[in-house]
């Protein structure tokens with residue numbers, strides 16, 4: 001956890017523009033795990049892709065980041081991150 | 001609602017707007033809310049989250065552009081800049097895949113040319129590149145493969161572009177062919193592999209490397225450009241030199257070009273083998289023959305398209321004056337043959353007047369005055385056809401990565 005925080009601090013410093021740091025993900029369980037995404041890209045990628053992906057869609061996105069782009073996200077974090085994204089940025093349930 | 005629309009068209013219109021329940025005394029207000037409601041920044045068809053997240057932001061050296069993402073930077077050109085057939089450098093869209101983008105100084109820059117199918121290796125600094133080869137120039141559209149991805153229905157993941165992930169510029173540099181021939185092209189050459197100075201934030205992130213077929217690399221129009229509209233390339237558009245592949249989608253126009261390799265085998269990194277691919281045979285664009293080793297195929301040239309720049313959905317125009325329908329059209333390099341305009345939801349089409357011909361790779365302006373003698377709703381459409389006979393589609397050709405959106409625009413206006 002300490003390591004993660006140190007990593008996040010380092011990465012926050014990489015934000016290319018001050019405005020990037022104003023992007024806030026919605027509160028909810030799993031948010032801090034989802035914040036790991038900031039290692040490689042600004043967090044606006046997440047709301048930009050909402051709300052049309054279901055949990056399978058978000059899981060596929062997270063796995064692509066790990067398997068293709070080399071994101072340093074622990075395997076056990078995939079499920080909570082996908083849950084968080086599906087809950088907060090996922091396809092709304094059919095009415 | 002309006003006497004000028006046929007019933008079938010009207011039903012489609014209502015369904016398309018998704019505003020049936022809202023329809024009552026003021027149809028255009030309903031449309032205004034449903035389509036083009038975020039008129040300052042984009043089209044309401046793009047995902048809600050993308051609309052809410054985007055804002056106007058000026059990168060250093062740029063005018064305010066529509067921010068899609070900050071890092072890597074992806075910024076779209078607002079529609080009003082396309083009223084000029086040449087896109088100003090300061091307004092030209094910005095698209096990067098990977099976040100580590102160095103500021104390259106001209107004095108430190110060099111281009112390496114080599115590869116297994118090259119006779120020898122060259123290393124050229126900017127001055128050598130500019131002085132050892134004949135200058136060449138082309139006016140050409142650079143369009144992101146995923147331009148208009150945000151308009152896909154159903155939506156697909158990616159950068160949710162509106163209509164402005166494109167631009168048209170006068171590119172000046174040298175022919176890639178001349179540079180390759182100086183290195184010597186062996187008979188077994190199959191592809192030319194291009195790498196820029198940008199890279200991923202992690203060592204494991206696949207570097208953005210692209211390849212083009214050798215015959216495209218040897219085409220007279222394929223350039224290594226160091227000037228754009230008479231000025232050095234902006235940093236955000238690939239300073240000090242980038243590849244120009246007229247007709248082909250922007251993914252091949254490698255920025256901050258550092259390395260060119262002539263190779264006898266297909267390049268199979270992620271950006272060639274997995275990204276920028278289309279279901280095979282779904283589009284009539286040319287085939288990248290050496291890259292057909294999987295069920296899909298790489299995107300190649302742009303599909304024919306147009307953009308109306310003088311009108312927005314929800315706009316009210318005065319009765320009694322012709323409605324000025326103006327815009328730009330382009331295709332994958334055959335050149336624009338015609339643009340037709342409809343003011344009755346596609347029931348009838350009238351050829352628009354084409355503007356100056358700046359070459360077959362350029363935007364071509366079009367204009368038509370449509371009579372507006374009666375009040376009421378109108379649906380304005382423009383449809384471009386290329387010299388190949390290819391024309392814009394009525395229905396989206398859906399594909400998983402969201403490329404080649406060239407559906408005929410429908411612009412809902414009201415004559416008052």
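The values are calculated or read from the model by the stated rules, or taken from the named source; none is laboratory data. Model, not experiment: these values are computed from the prediction. Neighbour counts run over all protein chains shown; Cβ positions are idealised from the backbone, glycine included.
Among the candidates B:164, B:146, B:150, the residue that is in a loop (DSSP other than H, G, I, E, B), within 14 Å of chain A (Cβ to nearest Cβ) and in contact (Cβ under 8 Å) with a residue 24 or more places away in the chain is uniquely B:146. Among the residues making up the stretch B:180-213, those that are over 16 Å from residue B:114 (Cβ atoms), away from every other protein chain (no Cβ under 14 Å) and more than 22 Å from the chain's Cα centre (by Cα) are B:187, B:197. Candidates B:90, B:62, B:68: the one that is at pLDDT 95 or above and part of a helix (DSSP H, G or I) is B:90.
Looking at this structure, is residue B:116 in the same structural domain as residue B:169 (by TED's automatic domain parsing), more than 25 Å from the chain's Cα centre (by Cα) and closer than 29 Å to residue B:301 by Cα? In short, yes. Of the strands (runs of 3 or more DSSP E) contained entirely in the stretch B:178-261, those carrying at least 2 residues that are in contact with a helix residue (DSSP H, G or I) (Cβ under 8 Å, 6 or more places away or on another chain) fall at B:191-196, B:209-213, B:223-228. Quick one: how many residues across the stretch B:269-287 are within 14 Å of chain A (Cβ to nearest Cβ), touching a residue at least 24 places away in the same chain (Cβ under 8 Å), in a loop (DSSP other than H, G, I, E, B) and farther than 22 Å from residue B:222 by Cα? The qualifying residues number 2.
For the stretch B:59-96, which positions are farther than 28 Å from residue B:364 by Cβ and either out of contact with any helix residue (DSSP H, G or I) (no Cβ under 9 Å at 6 or more places or on another chain) or more than 12 Å from chain A (Cβ to nearest Cβ) (or both)? Selection gives B:61, B:72. The number of residues in the stretch A:38-64 being in contact with a helix residue (DSSP H, G or I) (Cβ under 7 Å, 6 or more places away or on another chain), in a helix (DSSP H, G or I) and more than 7 Å from chain B (Cβ to nearest Cβ) comes to 7.
Name the residues in the stretch A:65-85 that are away from every other protein chain (no Cβ under 13 Å) and assigned to a helix (DSSP H, G or I), would you? Selection gives A:75, A:76, A:77, A:78, A:79, A:80, A:81, A:82, A:83, A:84.
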